[in-house]
1. Scan (1) open to solvent by less than 40 Å² (accessible area, probe 1.4 Å); (2) not in a loop (DSSP other than H, G, I, E, B) for the single condition A216 breaks and write down its number.
2. Kindly provide the set of residues from region 290-305 that are open to solvent by 20 Å² or more (accessible area, probe 1.4 Å), under 17 Å from R122 (Cα atoms) and polar (S, T, N, Q), ordered by number.
3. Step by step: first the residues of region 166-196, then only those that are open to solvent by less than 10 Å² (accessible area, probe 1.4 Å) and either of a type in the set (S, T, Y) or in a loop (DSSP other than H, G, I, E, B) (or both), then the one that is nearest to Y335 (Cα to Cα). Which residue is that?
4. Which of the residues belonging to region 152-183 are over 11 Å from N73 (Cβ atoms) and either free of Cβ contacts under 8 Å to residues at least 40 places away in the same chain or over 19 Å from the mean Cα position of the chain (by Cα) (or both)?
5. Give region 316-358 a look and list any residue that's without any contact (Cβ under 8 Å) to a residue 60 or more places away in the chain and aromatic (F, W, Y), or say none.
6. Just wondering, is there one or more residues in region 199-206 that are surrounded by 18 or more Cβ atoms within 10 Å (Cβ to Cβ), closer than 30 Å to V298 by Cα and either under 19 Å from the mean Cα position of the chain (by Cα) or of a type outside the set (S, T, N, Q) (or both)?
7. For region 106-118, indicate whether the set of residues that are under 20 Å from the mean Cα position of the chain (by Cα), within 22 Å of S184 (Cβ to Cβ) and not small (G, A, S) is non-empty.
8. Can you confirm whether region 236-259 contains a residue that is more than 25 Å from A128 (Cα to Cα) and either out of contact with any Pro (no Cβ under 8 Å at 6 or more places or on another chain) or among the small types (G, A, S) (or both)?
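The values are calculated or read from the model by the stated rules, or taken from the named source; none is laboratory data. Computed from a predicted structure; not experimentally measured. Glycine also receives a Cβ, built like all others from the backbone with ideal geometry; neighbour counts cover every protein chain displayed. Heads up: the accessible areas ignore ligands, DNA and RNA and are worked out on the full protein's heavy atoms, side chains in. Shrake-Rupley method; radii C 1.70, N 1.55, O 1.52, S 1.80 Å.
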Amino acid sequence: MLRIATVGTSMITSDFIEVVNASERTAFVGTLSRDAERARTFTAERGGTLPFTSLDELAASPEVDAVYLGSPNGLHAAQALACIAGGKHVLVEKPLGANEREAQAVFDAAEQTGVVVLEAMRPLHDPAFHAVRTALSELGRIRRANLHFGKYSSRYDEIRAGRRTNIFDCELASGALMDMGVYSVEALIGLFGEPDATISYPVLLDEATRPLTHGALDGAGTILASYPGMLAALHYSKITNDNLPSQVEGEEATLTFGGLSVPTWARIEFRGQVGRGAAKAVRVAEGAATRELELPYVENTMAYELDDFVTAIEAVQAGAAVTEAPAGPYGTVGYFRDVTLASLRLMDRVRREAGIVFPADGETATA
C-alpha cells in the first residue's frame with residue numbers, strides 16, 4: 001500500500017485524493033498547508049491523519065512514501081526537489097516546472113536518488129486519448145491538425161476588477177499557456193512528436209494589468225507547429241471559451257474529437273472516392289462513411305495517472321532502473337519525462353517570443 005501525502009488544498013488536489021481513497025493500491029496520509037487549521041480540517045475531512053504545515057516535515061516523514069504536488073506552478077520544481085531529497089516519489093501537477101531547465105533538474109535528481117517523478121498530465125495516461133492516437137493510422141497521410149482547449153477562468157474576473165490572483169501571475173509561472181496551452185502542447189507531442197519549428201501568436205493581457213501580473217502575461221494564444229508535410233495549430237485560452245472540437249485531417253479521412261484534456265467522443269469521417277460535379281449539384285463521395293469511436297470513460301480520469309504512477313514505483317522497487325520503469329501501458333518513466341521536457345522546451349520558446357518572463361528563467365530569459 002503506497003502512502004501518499006498531498007501539497008495544496010485546491011479542488012484538483014481534492015479530486016486527486018478521491019482517486020487515492022478509491023484505489024486498493026494507495027492510502028491518503030495527509031496534506032500540507034501553511035495554515036495549520038486548514039491542513040488539519042482538509043486532511044481529516046478526506047480520511048487522512050497527518051496534517052503538515054512544513055515541507056521539510058513532510059519530506060522527512062517516515063509515514064509518507066509519495067507526494068502529489070497540487071501547488072502553484074512556480075513552486076513545483078523546488079517542492080519536488082525537497083521531496084526527492086527526502087526519498088519520496090513525486091507526482092507533479094502540470095506543468096512540472098516553470099521551464100525546461102527546472103524540469104530537467106527535477107528529473108536528474110529523481111534518477112540519482114532512485115525515485116519516480118511523473119507529471120500529472122491526464123490525457124497522456126487516459127486510454128480514451130490513446131484510442132484517438134491509435135485511430136490516426138486510419139487517416140492516411142496526415143496533413144493538418146487543430147487542437148483546441150480554452151475555458152474562461154473565473155479568476156480573470158479578479159484581474160478585470162483590479163485584484164491580483166495566482167492564476168495570472170508571472171511570479172508563480174502561470175497564465176494561459178502554462179495552465180491551458182500545456183494541454184494542447186503535450187497532446188501535440190504525444191500524438192506527433194516534437195515539431196521541426198513553431199511560430200506563436202499570443203494574446204497578452206492589457207498593459208494596465210501588469211502591476212497585478214508582475215509583467216507581460218498571456219490570456220490566450222495560437223501556436224503553429226510544422227512537421228514534414230504537415231501543419232498543426234494549437235489554440236488555448238483562459239479569457240474566452242473555445243467551443244470547437246479538435247480535428248486531425250488525413251488524405252483518406254478526418255478524425256474529430258471532443259475534450260482535449262478528457263476525450264469524451266470521437267469520430268472518423270472517411271472521404272470516399274470524390275468525383276467532379278456541377279456547381280449546382282451536391283457531390284456525394286462514393287464510399288464515404290462515418291464511424292463513431294467507443295472511448296473508455298471513468299468519472300475521474302486522475303485514476304489513470306495515479307495507477308501508472310504506482311505501477312512505475314512498484315517496478316522501481318522490484319529493481320527496474322527509474323527511466324526504464326513502465327508507467328502503465330503507454331510508456332516508461334523515461335518516455336513521459338521526454339514528453340514533459342519537449343513540451344516545456346516548446347513553451348519556453350513561445351514565452352521568449354512573447355516577452356513573458358518568469359523569475360525561474362533567470363539568465364535564460366534573454367538567451
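1. Failing condition for A216: (2).
2. Within region 290-305, N300 is the sole residue that qualifies.
3. S184
4. Within region 152-183, S154, R155, Y156, D157, E158, I159, R160, A161, G162, R163, R164, T165 meet the criteria.
5. Answer for region 316-358, where residues must be without any contact (Cβ under 8 Å) to a residue 60 or more places away in the chain and aromatic (F, W, Y): just Y335.
6. There is no residue in region 199-206 that is surrounded by 18 or more Cβ atoms within 10 Å (Cβ to Cβ), closer than 30 Å to V298 by Cα and either under 19 Å from the mean Cα position of the chain (by Cα) or of a type outside the set (S, T, N, Q) (or both).
7. yes
8. yes
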